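Before any comments, here is the structure.
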Amino acid sequence: MLIYYYDENNTYTHSDLIGDDAVMPANATKVAPLDGNGAGLYEPIIWHPETQTWTGATKDEYDAAHPADTVAVTPTADQQAQAQQMLAMANLTNQVAMLQKTVATLMVQNADSKEETKNV
């Protein structure tokens with residue numbers, strides 16, 4: 001069974017799998033750390049043994065505590081140019097593969113046509 005551990009401050013620490021017949025550790029629960037809608041929670045996630053529920057920070061609280069997590073990274077002009085080149089190369093590679101298949105098909109059709117002409 002999947003269990004969820006919390007520390008001495010009732011803060012979620014990790015989850016673990018134990019056997020269904022195993023004894024539940026004192027600092028663990030089977031209740032998943034989710035909100036009332038079944039969605040995950042923002043850290044810190046706190047266990048409330050009296051209500052058998054978890055609570056977490058709001059998105060704004062989490063973002064304020066983790067500013068590096070919310071920084072948008074914009075690619076440099078060089079990175080954008082490289083991405084465009086890779087995309088163009090992938091498109092060209094695809095076109096070459098399609099042309100090779102077309103040439104092979106035409107060669108087979110040409111050979112069949114020559115065979116039919118001999119038999120006429």
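Quick look at the numbers
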read-out	value
Residue match in region 79-102 (condition: part of a helix (DSSP H, G or I) and under 30 Å from TYR5 (Cβ atoms))	no
Filter pass, TYR6 being of a type outside the set (Val, Ile, Thr), at pLDDT 90 or above, touching a strand residue (DSSP E or B) at 6+ places or on another chain (Cβ under 6 Å) and open to solvent by 70 Å² or more (accessible area, probe 1.4 Å)	no
Residue within region 69-78 that is over 30 Å from TYR4 (Cα atoms) and either touching a Lys or Arg at 6+ places or on another chain (Cβ under 6 Å) or acidic (Asp, Glu) (or both) present	yes
Criterion violated by ASP60 - all others in (1) over 30 Å from THR11 (Cβ atoms); (2) open to solvent by 90 Å² or more (accessible area, probe 1.4 Å) satisfied	(1)
Number of the condition not met by GLU50 [criteria: (1) closer than 30 Å to TYR5 by Cβ; (2) over 32 Å from the mean Cα position of the chain (by Cα); (3) part of a helix (DSSP H, G or I)]	(3)
Residue within region 63-76 that is modelled with pLDDT under 95, of a type in the set (A, V, I, L, M), within 20 Å of ASN9 (Cβ to Cβ) and exposed (fewer than 10 other Cβ atoms within 10 Å of the Cβ) present	no
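The values are calculated or read from the model by the stated rules, or taken from the named source; none is laboratory data. Predicted model, so just to flag it, every value in this text is computed and none were measured. Here the Cβ is made from the backbone with ideal geometry for all residues, glycine too, and neighbour counts use every protein chain on show. The protein model used for the area step is the full one, side chains on, heavy atoms only, and it has no ligands, DNA or RNA in it. Shrake-Rupley method; radii C 1.70, N 1.55, O 1.52, S 1.80 Å.
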